[in-house]
Amino acid sequence: MPSVKSARAMKKMLDEHPVFSSYNVVNIVDKDTSDNIVVASDSDVKRVKDAITDHPARTLTITLTVRKMTTGVTIKPWTGVIFLSNTNSAMQYLQAAFRAQTPYEDEEFGRKTNCYIFDFAPDRALKVMAASRQMSTGVGKLQTSDQRSKLGELLNFLPIIGEEGQGMKAYKVDTLLTQLKKVYAEKAVQSGFDDDSLYNDELLKLTSDDLKMFNDIKAIVGQTKADRKPNVIDVNHQGLDDEQYEKATRAEKKAKERTYA
């Protein structure tokens, strides 16, 4: 949760909800006065474990927190993490996500084979996945074949499943990167093109001279007001895909290094 106050409000809503009122909702920040408390006490951990009991197969629990228990804490029966707070850190995001990945089994519960991460901000999840494998999003930078391979390995262990049509579908590397590009494009459109992502999208491949030209034009034209989000966004791939552009760049560098008698 983003704050102590929001955690308290969420617990009240869940306790009164026709479905989630059947869950034992534990708010471990209910006595905190700051949103920045990171270290969970032994009593915090005990409250969660007491709610789950020694028979996790028989209980339903939800733990609400802000920053506590998102790192360095192991609650083996946890099977899911829901993100309702923004973060710009891929490390913090994945640390919290993997709280539910701890192996667990008992006679009643069986073996935990799946754990789930729910994020209602798809662009955040996609950016975190790209950042976790150091995918380039700066001006003129591309995703190399090695980076794509590493991202593919990560998706094998941490697949991203998104809604498509009437069902759910797992993202592939190219699909994830395409969607990430659309996120930046839509963000620029919705902000009236007064957004850094317009200049950071790798599709544009702008040079410093290009950036100066755009900034000069912006100084003359001024900021535009954000318009309604279009139904269809057509992204210009500029002829070459990333792999082709990468090969062309390497070839150009080699040509410059040659010497002739």
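The values are calculated or read from the model by the stated rules, or taken from the named source; none is laboratory data. Please read these numbers as outputs of a predicted model, since none were measured by experiment. Reconstructed Cβ throughout: ideal geometry from the backbone, glycine too, with neighbour counts over all protein chains shown.
Check region 33-52 and report whether any residue there is farther than 23 Å from Ala125 by Cβ, without any contact (Cβ under 8 Å) to a residue 40 or more places away in the chain, out of contact with any Lys or Arg (no Cβ under 9 Å at 6 or more places or on another chain) and of a type in the set (Asp, Glu). There is at least one residue in region 33-52 that is farther than 23 Å from Ala125 by Cβ, without any contact (Cβ under 8 Å) to a residue 40 or more places away in the chain, out of contact with any Lys or Arg (no Cβ under 9 Å at 6 or more places or on another chain) and of a type in the set (Asp, Glu). Note on region 89-125: residues that are more than 27 Å from Asp54 (Cβ to Cβ) and hydroxyl-bearing (Ser, Thr, Tyr) amount to 2. Under the condition of being in contact with a helix residue (DSSP H, G or I) (Cβ under 8 Å, 6 or more places away or on another chain) and in a loop (DSSP other than H, G, I, E, B), the residues counted in region 86-103 number 2. Output the residue which, of all residues in region 138-160 that are part of a loop (DSSP other than H, G, I, E, B) and farther than 30 Å from Thr113 by Cα, is modelled with the highest pLDDT. Residue satisfying both the conditions and the ranking: Thr144.
Residues in region 161-196 that are at pLDDT below 65 and under 16 Å from the mean Cα position of the chain (by Cα): 3 in all.
In the set Asn114, Asn88, only one residue is at pLDDT below 85 and surrounded by fewer than 13 Cβ atoms within 10 Å (Cβ to Cβ); that residue is Asn88. Between Val19, Val66, Val4, the distinction of being without any contact (Cβ under 8 Å) to a residue 40 or more places away in the chain, outside the structural domain of Ala131 (by TED's automatic domain parsing) and not hydroxyl-bearing (Ser, Thr, Tyr) belongs to Val19 only.
If I go through region 11-44 residue by residue, how many of them are under 18 Å from Ser85 (Cα atoms), out of contact with any strand residue (DSSP E or B) (no Cβ under 6 Å at 6 or more places or on another chain) and either of a type in the set (Phe, Trp, Tyr) or surrounded by 13 or more Cβ atoms within 10 Å (Cβ to Cβ) (or both)? The qualifying residues number 5. When restricted to residues that are surrounded by 15 or more Cβ atoms within 10 Å (Cβ to Cβ), outside any loop (DSSP other than H, G, I, E, B) and of a type outside the set (A, V, I, L, M), region 45-81 contains 5.
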